[in-house]
Amino acid sequence: MQKQIYVTKPSMPGLEEYVCEIKDLWESKRLTNMGEKHEQLENKLQQYLDTPNITLFANGHLALEYAIQVFGLTGEVITTPFTFASTTCAIVRSGLVPVFCDIDPNEFTIDTDKIERLITDKTSAIIPVHVYGRLCDTDSIEYIAKKNGLTVIYDAAHAFGVKGAASHGDASVFSLHATKVFHTVEGGCVCFRNAKYKPILDRLKNFGIESDCGKAIYGGNGKMSELHAAMGLCNLRYIDSWIEKRKALVQRYLLHLREVKGIQMMYYPEESNYAYMPALFGSMQIRDKVYEALKQYNIFARKYFYPLTSTYDGKNSKLCTPVAYDVAQRVLVLPLYPDLKQSDVDSICTIIMTQLSEGKS
Ligand SMILES: *Cc1c(COP(=O)(O)O)cnc(C)c1O
């Protein structure tokens with residue numbers, strides 16, 4: 001059988017390195033509840049992400065829900081529909097109403113010119129998404145939030161390794177899922193400006209329990225285990241080299257496809273993490289044709305993000321957020337991960353170019 005190429009593939013340390021990292025757990029029998037690995041990883045990530053405060057979580061989605069809880073958001077939250085399901089689900093599961101703002105056609109992040117008209121007396125926050133690792137227009141968002149007294153929590157799930165990604169807004173939430181640039185198998189973290197939230201988040205993720213009999217708070221279980229933290233400690237040793245490998249592959253893709261008529265490639269800023277390789281085609285028909293053609297060769301690209309999360313409750317996204325609607329129909333995210341071969345990129349690009357030239361004749 002021909003080898004299969006998926007849109008992403010987890011990067012891993014050597015098995016022996018991981019075994020070595022978890023060996024002392026067989027002595028200590030301390031497997032979870034904020035043990036040594038958890039503490040080490042929190043410290044290391046705090047440095048790597050250059051954030052004043054950090055709390056690890058069992059996954060990125062829970063991290064987002066806990067961040068929403070700790071900042072006491074109420075009523076309506078402005079976000080975008082061009083994101084992974086998690087963003088919208090976290091807002092709705094927290095009893096809040098997502099208000100969908102359209103995206104910028106070139107950046108794919110929230111269109112800051114369209115935020116203010118969506119603010120009502122019920123709006124408590126903005127939850128923008130750093131889509132594909134492209135940072136939002138954080139200056140404009142900060143200006144709007146200050147002016148209107150809103151909390152800003154970034155969904156930074158795509159932005160691990162992007163310089164400065166953890167230092168915007170009131171908090172930034174990262175996913176450390178196996179498919180992300182850096183991972184702990186399952187995991188997430190909240191990075192935040194104000195140190196007063198640290199003890200509260202630490203309590204919330206452990207059922208709200210506190211050793212002194214303080215005021216009761218209703219938390220849940222959002223803890224990251226020692227085995228997951230150990231994976232993170234190993235992976236963090238390689239993160240810079242993995243991003244370098246991603247960069248070389250992105251450059252290869254761009255070399256082939258940047259000048260091709262009928263495809264719009266994303267622009268990567270200098271401090272990118274090269275997390276994703278989105279390509280925009282001329283129409284949904286062409287996008288779907290390319291998707292199917294790649295599938296014939298066991299290459300599985302993904303239509304991130306299609307369909308839009310705003311369609312879950314039957315909203316007409318074509319009317320509400322026409323740009324996001326249009327991009328979602330034409331985008332295809334191509335395979336990209338550190339182990340991908342340059343020759344695989346060449347093959348993928350050849351298949352795409354063949355499809356596009358066939359379309360013309
Ligand atoms: C991956 C992802 C999440 C959720 O993270 P998990 O760790 O999988 O729970 C949230 N938002 C975005 C944009 C993501 O890509």
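The values are calculated or read from the model by the stated rules, or taken from the named source; none is laboratory data. Please read these numbers as outputs of a predicted model, since none were measured by experiment. Counting neighbours? That spans all protein chains shown, and the Cβs are built from the backbone with ideal geometry, glycine included. Heavy atoms of the whole protein, side chains included, go into the accessibility calculation; ligands, DNA and RNA do not. Shrake-Rupley method; radii C 1.70, N 1.55, O 1.52, S 1.80 Å.
Numbers at a glance
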read-out	value
Restricting the stretch 196-219 to residues that are among the hydroxyl-bearing types (Ser, Thr, Tyr) and part of a loop (DSSP other than H, G, I, E, B), the residue that is least open to solvent (accessible area, probe 1.4 Å)	211
Counted residues, the stretch 331-353 - those being open to solvent by less than 60 Å² (accessible area, probe 1.4 Å) and more than 20 Å from the chain's Cα centre (by Cα)	9
Qualifying residue in the stretch 298-321 (condition: acidic (Asp, Glu), closer than 17 Å to residue 262 by Cα, out of contact with any Gly (no Cβ under 7 Å at 6 or more places or on another chain) and surrounded by fewer than 22 Cβ atoms within 10 Å (Cβ to Cβ))	no
Members of the stretch 1-42 found to be closer than 17 Å to residue 223 by Cβ, open to solvent by 80 Å² or more (accessible area, probe 1.4 Å) and either part of a helix (DSSP H, G or I) or in contact with a Pro (Cβ under 6 Å, 6 or more places away or on another chain) (or both), listed by number	36, 39
Residue that is in contact (Cβ under 8 Å) with a residue 60 or more places away in the chain and of a type in the set (S, T, N, Q), where the choices are 283, 310	310
Residue in the stretch 149-195 that is farthest from residue 120 (Cα to Cα), counting only those that are of a type in the set (S, T, N, Q) and part of a strand (DSSP E or B)	175
Elements of type helices (runs of 4 or more DSSP H) in the stretch 246-361, at least 3 residues being within 23 Å of residue 134 (Cα to Cα)	322-330
Flag for residue 123 being buried (at least 18 other Cβ atoms within 10 Å of the Cβ) and within 16 Å of the ligand (Cβ to nearest atom)	no
Which listed residue is within 15 Å of the ligand (Cβ to nearest atom) and not polar (S, T, N, Q), from 71, 108	108
